[in-house]
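Report on the structure given below.
Each value in this text was obtained by applying a stated rule to the coordinates, not by laboratory testing. As the structure is a prediction and not an experimental result, all values here were calculated from the model. In this analysis, Cβ positions are derived from the backbone assuming ideal geometry, glycine residues included, and neighbour counts consider all displayed protein chains.
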Amino acid sequence: MRGKRATKREIKPDPKHQSQLLGKLINYIMERGKKTTAQSIVYNMLDIVKEKTKQDPVTVLNLAFKNVGPDVEVKSKRVGGGNFQVPVEVNADRKLTLTIRWIVGACKAKKGRPISVKLADEIIAASKGEGDAMKKRLDVYRMAEADKAFAHFTR
């Protein structure tokens, strides 16, 4: 591998709850550098979650992220003349990144309502173990299970 390994940047926690998880979610939702717009979307989502569940929204968010986070994923590996989908464990940073990507992606795929409402619905569903993000997690898990025979190609 050439060059130096990129240094890991520290993500600032959100200003309201001082949560690094919320800071990362805000950064992922942000488009074209409009951080205040992303913050208002996330804080509106937290208010909606609090209204609907009558629980602390940050704990519901943590539960949803814990439920959606994948344990295994498949990576393509070239061995001999063929490409194999090899199941590998997911480290903590990648697990969080995939979780946020799947939840926000599930929200953006739906049409017709404000993003904060869609995000709140997806997080409530994920905390209960359902929704599109959970479906994505199960699909990835099924693929890893199906390709378990190629696990010996892992280095």
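Just name one of I123, G3, N91: the one whose Cα is farthest towards the positive end of the charge dipole of the chain (beta-carbon charges, Lys/Arg +1, Asp/Glu -1).
G3
Based solely on its DSSP helices, what 222 nm [θ] is calculated for the chain when runs of n ≥ 4 H residues each add -39,500 (n - 2.57) and the sum is averaged over all residues, nearest 500 deg cm²/dmol?
On the way: 6 runs with 88 residues, N = 155.
That comes out to -18500 deg cm²/dmol.
Tell me the angle of helix 57-68 to the major Cα principal axis of the chain, expressed in degrees between 0 and 90 and rounded to the nearest ten.
So the helix axis and the longest Cα principal axis differ by about 20 degrees.
For the peptides 8-17, 121-130, 76-85, 23-32, what is the packing order when you average, over each peptide's residues, the other Cβ atoms within 10 Å and list the highest mean first? The partial results should precede the final answer.
Values: 8-17: 11.9, 121-130: 20.2, 76-85: 10.3, 23-32: 16.9.
With the highest mean Cβ count within 10 Å placed first, the list reads 121-130, 23-32, 8-17, 76-85.
What is the order of M45, M134, M143, fewest Cβ neighbours within 10 Å to most? Write out the running numbers ahead of the final one.
On the way: M45 26, M134 21, M143 14.
Ranking M45, M134, M143 by Cβ neighbours within 10 Å, fewest first, gives M143, M134, M45.
Against the 2.2 N^0.38 Å scaling, with N counting residues, where does the chain land? I'd like the Cα-based Rg ratio to two decimal places.
On the way: Rg = 17.7 Å, N = 155, 2.2 N^0.38 = 15.0 Å.
Compared with the compact-globule rule of thumb, the chain sits at 1.18.
Using the crude model of +1 on Lys and Arg Cβ and -1 on Asp and Glu Cβ, and no other charge, please compute the dipole size for the chain relative to its Cα centre, in debye to 20.
660
Can you work out the FRET efficiency for the pair K54 and K16, with r the C-beta to C-beta distance and R0 = 30 Å, to the nearest 0.05?
Values: r = 20 Å, r/R0 = 0.66.
For K54 and K16, the calculated efficiency is 0.90.
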